[in-house]
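Trainee: Got a structure here, written out as structure tokens. Questions coming.
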Amino acid sequence: MQPLRVLVLDDEKRVTDELKEYLLRKKFQTYCANIPEEAFELLERTAIDILILDIKMPGMNGLDVLKKVKQEYPSMEVIMISGHGDIDIVIESMRLGATDFIRKPFGHFEVQLAIERTQKYIGIQNKLQQVENQKSLITRELETQIERDFIGTSRKIKKVLELAMMAAQDRDVNVLITGENGTGKEIIARIIHYASQRKDASFFPVNCSAIPESLLESEFFGHKKGSFTGATENKKGFFELASQGTLFLDEIADMPFLLQSKLLRAIEERKVKQVGSKRLIDVDIRIISATNKNILQRIEDSQFRIDLYHRINTFIINIPPLRERVEDIPPLVEHFVDYFSVKKNKPRPKIHPNVFSKLSGYHFPGNIRELKNMIERALIVCREPVLEERYFPIISNGSKTYGSGVPDTLILEDNERALIQKALEITNNNKTKASELLGITRYSLIRKMKKFEME
Ligand SMILES: Nc1ncnc2c1ncn2[C@@H]1O[C@H](COP(=O)(O)OP(=O)(O)OP(=O)(O)O)[C@@H](O)[C@H]1O
Ligand SMILES: [Mg+2]
């Protein structure tokens, strides 16, 4: 291990000599200076871990040296040497970042203690730094994972990724992502954020349709304590919380009309005002919005402000539905089978080729999310080494029916019975798995089986 590097700065040569002798005996790499200029010259050339610094010196005093050192070499630790009656200055020096102090006249024991304490402190700092580095490693790992986990080989999805990368390169441009349910709008928004200069600040997702209208303004812009009943504390809004980062406005088309004008103003002026406050706060964020609704229709119906639309759609990315890019189905299936096998700790089954052809013929109204759920369900019930077509009980001409097992009737009970029958067939009468397929609890499956006298 590298020996500790210590510099002693004291105008009294007697003090520096004595300390030097002691520190060398302790096998520290030791340097001395009797005037500040000499010390700063040395610091320019040599890395030092600890500076032992006299408070009272002619010319530049110890506090000024401390300030300068902390400014120029923030990671260097400083132990002050104080004389009698310097207590106020000692307090001030601790406030300025000194780690410890020894009082003149001192013996070797005091010096040793102060150095040990400081070494311990340096050790903790290093550990913190390591944790910090590890954390950023993990974040980087996550970032690459996000991109690795974005699957798709079709020309259409590659175009989407290309546009996302273009948007990422500009730090500020507002992006609108459109596409049906489950097409991957949020993933694309995250990819843009993590590929952009803003990646070290937060990605802040907000579901605009999920916030009660009465709270919208305070949620977005924050509020001052006491500005309305229930405002018991000062609170920052989404704009401030996402500061420097990306605010992801999901389901933007559902944003109440009243808030739209306030949002527009905030985006245009890049400033927000908290509820109950007069002060304007600067905000620096990028806005990515997403919607699966036809926003132009909303404008036509006077539900959405056209000026806000023009503000948020500087850059539009449309994600095509899965049925328009069926080439992506096989790699997605492989990916999700890998993913859920690992997650559920099961041996990874082979995929029967018929699965691909069956799924390619399906129109996937729920897009990738639907495919993902389907595969999760299939893996729950599959116990064989090959994942077969029968584990994907879907599909006939677009609507979700369950093949020949469904009676030709709209009577709910008859259909319920048939679906239960089908689920039991697929799962070889395993009630737990059948209930998972049906999306109900095992208990309610048993109740229904009793009701239909199916046992
Ligand atoms: N290209 C892709 N590769 C891998 N996984 C994907 C891809 N696209 C979407 N997914 C997965 O599908 C699911 C739905 O994606 P996401 O939430 O981004 O869709 P969305 O368009 O925001 O849906 P909604 O309109 O319902 O909010 C997520 O679990 C996501 O991880
Ligand atoms: Mg979404």
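Trainee: Report whether or not residue 97 is of a type outside the set (A, V, I, L, M) and at positive phi.
Mentor: Spelling it out, residue 97 is indeed of a type outside the set (A, V, I, L, M) and at positive phi.
Trainee: Pick from 109, 150, 101: which is closer than 30 Å to residue 69 by Cα, modelled with pLDDT of 80 or more and either within 14 Å of ligand 1 (Cβ to nearest atom) or part of a strand (DSSP E or B) (or both)?
Mentor: 101
Trainee: If you don't mind, there's one more thing I want to ask. In the stretch 184-201, how many are more than 9 Å from ligand 2 (Cβ to nearest atom) and either outside any loop (DSSP other than H, G, I, E, B) or of a type in the set (S, T, N, Q) (or both)?
Mentor: 8
Trainee: Please find, among 365, 393, 347, the residue that is in a loop (DSSP other than H, G, I, E, B), at pLDDT 80 or above and farther than 29 Å from residue 292 by Cβ.
Mentor: Criteria check complete, one pass: 347.
Trainee: Something else: Answer with yes or no whether residue 354 is under 27 Å from the mean Cα position of the chain (by Cα) and either outside any strand (DSSP E or B) or under 18 Å from residue 380 (Cβ atoms) (or both).
Mentor: no
Trainee: Let me ask something else about it. Give the residues of the stretch 173-216 that are surrounded by fewer than 18 Cβ atoms within 10 Å (Cβ to Cβ) and of a type in the set (S, T, N, Q), sorted by residue number.
Mentor: Within the stretch 173-216, 181, 197, 202, 207, 209, 214 qualify.
Trainee: Additional query: Exactly one of these conditions fails for residue 197: (1) touching a Phe, Trp or Tyr at 6+ places or on another chain (Cβ under 7 Å); (2) closer than 26 Å to residue 319 by Cα; (3) not hydroxyl-bearing (Ser, Thr, Tyr). Give me its number.
Mentor: Evaluating residue 197 over (1) touching a Phe, Trp or Tyr at 6+ places or on another chain (Cβ under 7 Å); (2) closer than 26 Å to residue 319 by Cα; (3) not hydroxyl-bearing (Ser, Thr, Tyr) leaves (1) as the failure.
Trainee: Can you tell me which residue within the stretch 312-324, out of those that are among the aliphatic types (A, V, I, L, M) and in a strand (DSSP E or B), is farthest from ligand 1 (Cβ to nearest atom)?
Mentor: Of everything passing the filter in the stretch 312-324, 316 is farthest from ligand 1 (Cβ to nearest atom).
Trainee: Can you name the residue in the stretch 1-27 that is outside any helix (DSSP H, G or I) and of a type in the set (D, E, K, R) and, of all such residues, is farthest from residue 77 (Cα to Cα)?
Mentor: Going through the qualifying residues, I end up with 12.
Trainee: Pairs please, first residue from the stretch 429-455 and more than 24 Å from residue 373 (Cβ to Cβ) and not assigned by TED's automatic domain parsing to the domain that holds residue 373, second anywhere and assigned to a helix (DSSP H, G or I) and of a type outside the set (A, V, I, L, M, F, W, C), Cβ atoms under 6 Å, 6+ apart in sequence or on different chains.
Mentor: If the second residue must be assigned to a helix (DSSP H, G or I) and of a type outside the set (A, V, I, L, M, F, W, C), the pairs left are 452/417.
Trainee: Sticking with this one: With respect to residue 308, determine if the residue is crowded, with 16+ Cβ neighbours inside 10 Å, on the phi < 0 side of the Ramachandran plot, of a type in the set (A, V, I, L, M, F, W, C) and touching a Gly at 6+ places or on another chain (Cβ under 8 Å).
Mentor: no
Trainee: Looking at (1) surrounded by fewer than 20 Cβ atoms within 10 Å (Cβ to Cβ); (2) at pLDDT 90 or above, which is the one condition that is false for residue 287?
Mentor: Condition (1) is where residue 287 drops out.
Trainee: Test residue 304 against the criterion of being hydrophobic (A, V, I, L, M, F, W, C) and closer than 17 Å to residue 207 by Cα, and give yes or no.
Mentor: When the stated conditions are applied, residue 304 passes them.
Trainee: Continuing with the same structure: For the stretch 98-114, how many residues are in contact with a strand residue (DSSP E or B) (Cβ under 7 Å, 6 or more places away or on another chain) and not polar (S, T, N, Q)?
Mentor: Within the stretch 98-114, residues that are in contact with a strand residue (DSSP E or B) (Cβ under 7 Å, 6 or more places away or on another chain) and not polar (S, T, N, Q) number 9.
Trainee: I'm told residue 78 meets every condition in (1) touching a Lys or Arg at 6+ places or on another chain (Cβ under 8 Å); (2) under 19 Å from residue 118 (Cβ atoms); (3) assigned to a loop (DSSP other than H, G, I, E, B) except one. Can you identify the failing condition by its number?
Mentor: It fails just one condition, (3).
The values are calculated or read from the model by the stated rules, or taken from the named source; none is laboratory data. Just so you know, these numbers come straight off a predicted model, no measurement behind them. Don't worry about glycine lacking a Cβ; one is built from the backbone with ideal geometry, like all the others, and counts go over all protein chains shown.
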